[in-house]
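Peer 1: First the structure, which I've put down as structure tokens, then a few questions once you've had a look.
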Amino acid sequence: MANIALVEDNPIDSQIINAKFVSSTHKMHSAADLDSLSTEIGWMDIELLLLDLNLPNSKGIETLKAVKVSFPYIPIVVIIGISTAEISSELIACGAREVVCKLDLDKLDLEKLISDILVNESKSQ
């Protein structure tokens, strides 16, 4: 079982994402901002981060950069409202493992995506 951290300040988006893991073998831990991530979840053995970029105490690509400094070895899946190839490329270049558009969450098999990342991560270690 993998410990996954979800950093999302919108309760509705958080519920949608958490609902995808109801029957999962993964354990989801939620935080509403970067401070909560560090204080409430940072001490846990987190294996993957799901990260919204626009949080109360951080906005945009700076959110990803801050998280990469604090958690340099944890793969990060960025969840954004609107995605373009240019934005996705920039986020990947800054350290995101994947970029997922919130509008695609309905049709995306998020659990499979995460499982694939975790398998690839374990192979590379």
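Peer 1: Could you check what % of the DSSP bridge pairs in segment 3-124 are antiparallel, to the nearest 5?
Peer 2: Numbers: 1 of 18 bridges.
Antiparallel bridges: around 5 percent, rounded to the nearest 5.
Peer 1: Between residue 3 and residue 89, what length in nm is gained on full extension when 0.36 nm per residue of separation is reduced by their alpha carbon distance?
Peer 2: Working: separation 86, 0.36 × 86 = 30.96 nm, distance 2.66 nm.
In short, 28.3 nm is gained.
Peer 1: Can you list residues from other chains, or at least 5 along the same chain, whose modelled amide H is less than 5 Å from the amide H of residue 48?
Peer 2: Counting only residues 5 or more places away or on other chains, the set is 5.
Peer 1: In the chain, how many lysine pairs have Cα atoms under 16 Å apart, counting only pairs 8 or more places apart or on different chains?
Peer 2: Working: 20/102; 20/107; 20/112; 27/112; 59/68.
So the count works out to 5.
Peer 1: Determine the sum of side-chain charges near residue 48: Lys and Arg each +1, Asp and Glu each -1, restricted to other residues whose C-beta is under 12 angstrom from that of residue 48. Mind dumping the intermediate values first?
Peer 2: Working: positive: 27, 97; negative: 45, 47, 98, 111, 116, 121.
For residues surrounding residue 48, the net value is -4.
Peer 1: Counting other Cβ atoms within 10 Å, which GluC sites (Glu not before Pro) in segment 65-125 have at most 15 and lie in a DSSP loop?
Peer 2: Details: sites: 86, 90, 98, 111, 121; in loops: none.
Passing both the DSSP loop test and the Cβ count: no residue.
Peer 1: Scan segment 71-125 for trypsin sites (Lys or Arg not before Pro) in coil per DSSP, keeping those whose Cβ has at most 15 other Cβ atoms within 10 Å, and list them by number.
Peer 2: Numbers: sites: 97, 102, 107, 112, 123; in loops: 97, 107.
Passing both the DSSP loop test and the Cβ count: 107.
Peer 1: Relative contact order for segment 3-124: what percent, with Cα pairs under 8 Å and sequence separation of 6 or more?
Peer 2: Working: 169 pairs, mean separation 27.7, N = 122.
With pairs under 8 Å counted, the relative contact order is 23 percent.
Peer 1: Hey, quick one: spin label on residue 54, modelled 7 Å out along Cα-Cβ, who in segment 5-21 has an amide N within reach, i.e. under 19 Å?
Peer 2: What the label zone holds, given the 19 Å backbone N cut-off, is 7-17.
Peer 1: Then there's this: Rounded if a/c is under 1.5, else prolate if a/b is larger than b/c, else oblate: which is segment 31-125, with a ≥ b ≥ c the root eigenvalues of its Cα gyration tensor? Can you show the working numbers first?
Peer 2: Numbers: a/c = 1.42, a/b = 1.04, b/c = 1.37.
The shape class here is rounded.
Any read-out appearing in this document is the output of simple, stated calculations on the displayed coordinates, not a laboratory observation. Just so you know, these numbers come straight off a predicted model, no measurement behind them. No Cβ is skipped: glycine too gets one built from the backbone with ideal geometry, and neighbour counts run over all protein chains shown.
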